[in-house]
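Written below as structure tokens is the structure these notes are about.
The values are calculated or read from the model by the stated rules, or taken from the named source; none is laboratory data. None of the values given here were measured: they were computed from a predicted structure. As a convention, Cβ positions derive from the backbone with ideal geometry for all residues, glycine included, and neighbour counts pool all protein chains shown.
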Amino acid sequence: MNENGLPFKIRGLEAKDIPTVTSIDRLVFHDPWPESAYVQELYFNPNAHYFVLQLTPAMPTHTWAERRAALASQIVGFVGVRIEMGSGHVSTLAVRPEWRGWGLGELLLHTALEQAVHSGARTVALEVRVSNVAAQNLYTRYGFAVVSQLRGYYADGEDAYYMRANVEGQAYSNYLQQRRALLEHRFQPHPTYTA
Ligand SMILES: CC(C)(COP(=O)(O)OP(=O)(O)OC[C@H]1O[C@@H](n2cnc3c(N)ncnc32)[C@H](O)[C@@H]1OP(=O)(O)O)[C@@H](O)C(=O)NCCC(=O)NCCS
């Protein structure tokens, strides 16, 4: 457990995470990014913010190799957002298949949106495969609406929806706070009752 009582934490991407993040990328996406793309984002793009979700049960490790292996198995998802001149762009979002359906993808997107609002973005946009209903449902919850359809956007020829959300104003910040409270409640360990 971390200091918030949650069994995981979300923190900024670090260089040591890149091999794990790219391995999840290869597992999840048809057109994964190479490690060099994350290196570029981390070191050379001041407008980019990347976060990883890391499980926190501390496993005692002794050697560097053990520590590295433990860390790799603990990172279960990540998100990226670029923010430039009042516009945010979600560049990536993924959760390992075995960890889906628990609200972790939402928590990652929420983190990216909070960052965007904090950095002064008025809108946030993204592209999503037209077949990716799971991600579209998640985005719709945060006010994203389809602006246009990008023909043959992906390497395999599938179209993308270009979606955008207006994240400006107190009402949106309040909404983010409400969702965070709901998510944190969902992740808190609940007492078990015995008869
Ligand atoms: C999209 C993705 C990140 C969602 O992660 P997740 O941890 O499973 O999502 P959550 O559990 O937080 O779900 C949040 C909401 O997303 C929607 N959603 C998630 N999985 C869904 C599914 N299989 N079918 C329909 N809606 C789904 C629901 O609205 C859900 O809310 P609910 O739990 O109240 O029903 C995950 O499916 C993933 O990594 N997919 C592959 C990579 C990808 O498509 N990334 C987006 C690129 S644009």
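Points to keep in mind about this one:
- Condition met for Phe29 (more than 26 Å from Arg179 (Cα to Cα), modelled with pLDDT of 95 or more, out of contact with any helix residue (DSSP H, G or I) (no Cβ under 6 Å at 6 or more places or on another chain) and within 11 Å of the ligand (Cβ to nearest atom)): yes
- Selection count, the range 103-141, where residues are under 23 Å from Arg186 (Cα atoms) and touching a residue at least 60 places away in the same chain (Cβ under 8 Å): 11
- Given (1) under 26 Å from Leu183 (Cα atoms); (2) modelled with pLDDT under 95; (3) aliphatic (A, V, I, L, M); (4) out of contact with any helix residue (DSSP H, G or I) (no Cβ under 9 Å at 6 or more places or on another chain), number of the condition Ala69 does not satisfy: (1)
- Taking the range 43-66 as the range and being surrounded by 10 or more Cβ atoms within 10 Å (Cβ to Cβ) and modelled with pLDDT of 70 or more as the test, the residues that pass are Tyr43, Asn45, Asn47, Ala48, His49, Tyr50, Phe51, Val52, Leu53, Gln54, Leu55, Thr56.
- Ser87 at pLDDT 95 or above and among the hydroxyl-bearing types (Ser, Thr, Tyr): yes
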